[in-house]
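Peer 1: Shown below is the structure under consideration.
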Amino acid sequence: MYDLEAFMKELQRKNPDQPEFIQAVRGVLSSIIDLVNGNPVYEKNRILERMTEPDRILQFRVEWENDKGELEVNRAWRVQFNNAIGPYKGGTRFTKDLTLGTLKFLAFEQTFKNSLTTLPMGGGKGGCDFDPAGKSDREIMRFCRAYMMELQKYIGPDTDVPAGDLGCGGREIGYMYGMYKQIKTENTGVLTGKDMSFGGSILRPEATGYGAIYFAEEMLKDRGDKLEGKRIAISGYGNVAWGVAKKASQLGAKVVTLSGRKGFVLDEEGVGTQEKWDFLEALRASNTGNVEAYAKRFGAKFFPGEKPWGVKCDMAFPCASQNELDLADAKTLVAGGCKYVVESSNMGDTPEATEYFQSHGVAFAPGKAANAGGVACSGLEMSQDAMHYRWSAAEVDEKLHEIMQSIHKACVDYGRRADGTVDYVRGANAASFKHVADTMLKLGY
Ligand code: GLU
């Protein structure tokens, strides 16, 4: 029998400076320890020890020249966490304060998330402590090329397939892929999130947000409710927020908030027109996070220094970054009548916030289930690249929709409570743990 506290103590001892990684592991294990201990084969095969230790971590130096002709030096990593189910797969984060601990938490979560998609993908994550804010296009290009110069040694279409994440979008993927092609003379799908002109999948940019809404629709259906007419608060302004706003409005709901580094926007009219979505796309590309510009442009209200969770809403979609929604925010949301929280960022809610939602009748979907649409579409991009073929928007959308429905079903199968409601945290963790752990057992050690 595993003793959860003793296991966590040892993990903490081995990873003393990685609080987010510890939080992510505890989040998974505390919800399924009975399932783990219910099958002695897991402990006999040291499955928890193996699943919480990455297969390998690559660390490298990135050297590039800024516009002043000075040399800049950054630190980068690729965490190849677990490839039981398929090639390592996961995004690339470029943020100034990035640490290995953050990447380990993301790669750990990614392993579980990817297993829920039903597609053959293992888990990985990478990135660099590079700050894209204020960098010129040429600087971004020189940095991306230098990053790929080293990374190309460790990745491949059947080994490890990176994509984007915070600070790394279509432009950065393009520059990295350009470098990869120059070095390898290959046209393989070694990165996903590529532009459609050179092997990308249609709908990949929209997929995380669309997927979160498709998942939310299933949550609503399970409670005999519907999306139409719902008032939605979201945080963030990037790719995920944009996709959520677009799909939610197309399906008759109204997204009334957005947020950036310096505050949030309340748009009572709703973020529901092509003009507003285009504006968001440009804002994301600028890497500034200045949502006040949106408020100015569309006559919405800007609240400096505040989060959007004080706004009355039926549903909340955190779409920014880890631990962005805490206990105080959770209390405010519940008091304001929020009934659904669909975590669209990775580990967007603190454990206390999650617990508060779950004990107050809120249907709470964790990121590894709700935001899996992005990586699922990446998996579809890998398939299309391997086939040297392209599916239409309708075909990709249908597959994405089916995948999100099947993730919801897995959560229900493993997470239905006695009172009929669904514990999505347990459901997502149990279904994905079983998938990864049982596959590892079949592969031996
Ligand atoms: N960064 C995204 C995530 O957190 C996408 C990863 C991918 O497409 O590989 O799932």
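Peer 1: Within 10 Å of each candidate Cβ there may be at most 13 other Cβ atoms; applying that plus a DSSP loop requirement, which GluC sites (Glu not before Pro) in the range 167-260 survive?
Peer 2: Taking the range 167-260 and a limit of 13 other Cβ atoms within 10 Å, the loop GluC sites (Glu not before Pro) found are E186, E228.
Peer 1: When a footprinting reagent is the concern and you count Cβ atoms within 10 Å, what order do T99, T159 take, fewest first?
Peer 2: Placing the least packed residue first, the sequence is T159, T99.
Peer 1: Here is a follow-up. Taking every DSSP beta bridge that has both residues in the chain, what percent is antiparallel when rounded to the nearest 5?
Peer 2: Given both bridge residues lie in the chain, the antiparallel proportion sits at roughly 60 percent.
Peer 1: Separate question: Would you calculate the volume per residue, in Å³, of the smallest convex hull containing every Cα atom of the range 277-407?
Peer 2: 146 Å³
Peer 1: List the relative contact order of the range 301-441 as a percent without decimals, with contacts defined as Cα pairs under 8 Å and 6+ residues apart.
Peer 2: It rounds to 17 percent for the range 301-441.
Peer 1: A further question on this structure: At what distance in nm do the modelled label points of E268 and M1 sit from each other, each positioned 7 Å from its Cα along Cα→Cβ?
Peer 2: 5.9 nm
Peer 1: For the range 1-90, what log10 I(q)/I(0) values come out of the Debye formula at q = 0.19, 0.21, 0.24 1/Å, with one point per alpha carbon and no solvent?
Peer 2: Log10 of I(q)/I(0), two decimals: -0.99, -1.13, -1.30.
Peer 1: To make sure I understand, if each residue's beta carbon is the centre and we count other beta carbons within 10 Å, what order do V311, V244 fall in, fewest to most?
Peer 2: V311, V244
Peer 1: Still on this model: Run the simple label-point estimate for R50 and Q250 please: 7 Å along Cα→C-beta, distance reported in nm.
Peer 2: The answer from the label model is 4.2 nm.
Peer 1: Suppose R0 equals 41 Å; then what is the FRET efficiency for E10 and R261 from their Cβ-Cβ distance, rounded to the nearest 0.05?
Peer 2: With R0 = 41 Å, the Cβ-Cβ based efficiency is 0.65.
Peer 1: Next question, about the same structure. Report the extension gain between A418 and M387 in nm, rounded to one decimal, defined as 0.36 nm multiplied by the number of residues separating them, less their alpha carbon distance.
Peer 2: Going from the current span to full extension adds 6.6 nm.
Peer 1: For the range 90-155, what does the convex hull of the Cα positions come to per residue, in cubic angstrom?
Peer 2: 96 Å³
Peer 1: Tell me whether the chain comes out rounded, prolate or oblate; compute the Cα gyration tensor, take square roots of the eigenvalues as a ≥ b ≥ c, and use a/c under 1.5 as the rounded threshold.
Peer 2: rounded
Peer 1: Let me ask you something else. Summing +1 for each Lys or Arg and -1 for each Asp or Glu, what net charge is found among the other residues whose Cβ lies under 11 Å from the Cβ of G305?
Peer 2: The answer is +2.
Peer 1: Grab the other residues whose beta carbon is less than 14 angstrom from that of R261, score K and R as +1, D and E as -1, and report the net.
Peer 2: -1
Peer 1: Can you list the HN-Hα couplings for the range 58-75, worked out from phi with the Karplus curve (6.51, -1.76, 1.60; θ = phi - 60°), rounded to whole Hz and with x for Gly and Pro?
Peer 2: 9, 10, 8, 9, 10, 10, 8, 10, 7, 5, 8, x, 8, 7, 10, 10, 10, 10
Peer 1: Does the range 178-220 classify as rounded, prolate or oblate by the C-alpha gyration tensor (a ≥ b ≥ c root eigenvalues; a/c under 1.5 gives rounded; else a/b over b/c gives prolate, otherwise oblate)?
Peer 2: Prolate, since a/c reaches 1.5 and a/b exceeds b/c.
Peer 1: Placing unit charges on C-beta atoms (Lys and Arg positive, Asp and Glu negative, everything else neutral), compute the dipole magnitude of the chain about its Cα centre in debye, rounded to 20.
Peer 2: The calculation lands at about 200 debye.
Peer 1: Sticking with this structure for a sec: Taking 1 over the mean of 1/r across every pair of different Cα atoms in the range 30-166, what Kirkwood radius in Å do you get?
Peer 2: With all distinct Cα pairs of the range 30-166 included, I get 16.1 Å.
Peer 1: Over all directions, what mean area does the Cα convex hull of the range 101-199 project, stated in square nanometres?
Peer 2: 6.7 nm²
Peer 1: Okay, next question. Under 1.5 on a/c is rounded, so check that first for the range 316-356, then, if it is not, pick prolate when a/b is larger than b/c and oblate when it is not; a ≥ b ≥ c are the square roots of the alpha carbon gyration tensor eigenvalues.
Peer 2: Oblate.
Peer 1: Determine the sum of side-chain charges near C338: Lys and Arg each +1, Asp and Glu each -1, restricted to other residues whose C-beta is under 11 angstrom from that of C338.
Peer 2: Counting the neighbours of C338, the net charge comes to +3.
Peer 1: Treating only the Cα positions of the range 342-445 as identical point scatterers, give the base-10 log of I(q)/I(0) from the Debye formula at each q in 0.10, 0.14, 0.17 Å⁻¹.
Peer 2: -0.36, -0.67, -0.89
Peer 1: Under a plain spin-label model, where a point goes 7 Å from the Cα along Cα-to-Cβ, how far apart in nm are A133 and E65?
Peer 2: 2.8 nm
Peer 1: Å³ per residue of the Cα convex hull, for the range 147-286?
Peer 2: Measuring per residue, one finds 129 Å³ for the Cα hull of the range 147-286.
Peer 1: What is the gain in length, in nm to one decimal, between K301 and S406 on full extension, counting 0.36 nm per residue of separation less the C-alpha to C-alpha distance?
Peer 2: 33.9 nm
Peer 1: I would also like to ask the following. Using a 10 Å cut-off around each Cβ, can you sort S259, S378 from fewest to most neighbouring Cβ atoms?
Peer 2: Exposure proxy ranking, most exposed first: S259, S378.
Peer 1: Also: May I ask you to compute the full-extension gain from E275 to S30, defined as 0.36 nm times their residue separation minus their alpha-carbon distance, rounded to one decimal in nm?
Peer 2: Gain in length upon complete extension: 83.7 nm.
Peer 1: While we're looking at this one, here's another question. For q = 0.12, 0.13, 0.16, 0.28 Å⁻¹, what log10 I(q)/I(0) does the range 326-392 give under the Debye formula with an equal point scatterer on each alpha carbon and no solvent?
Peer 2: Each listed q corresponds, in turn, to -0.43, -0.48, -0.59, -1.16.
Peer 1: In addition: Which of the trypsin sites (Lys or Arg not before Pro) across the range 28-87 are loop residues per DSSP, with 14 or fewer other Cβ within 10 Å?
Peer 2: R46, K68
Peer 1: Find the relative contact order for the chain and round it to a whole percent, using C-alpha pairs within less than 8 Å whose residues are 6+ positions apart.
Peer 2: Normalised by residue count, the contact order of the chain is 15 percent.
No value in this document is a laboratory result; all are computed from the given coordinates. None of the values given here were measured: they were computed from a predicted structure. Cβ coordinates were reconstructed from backbone atoms using ideal geometry, including for glycine residues, and neighbour counts include every protein chain displayed.
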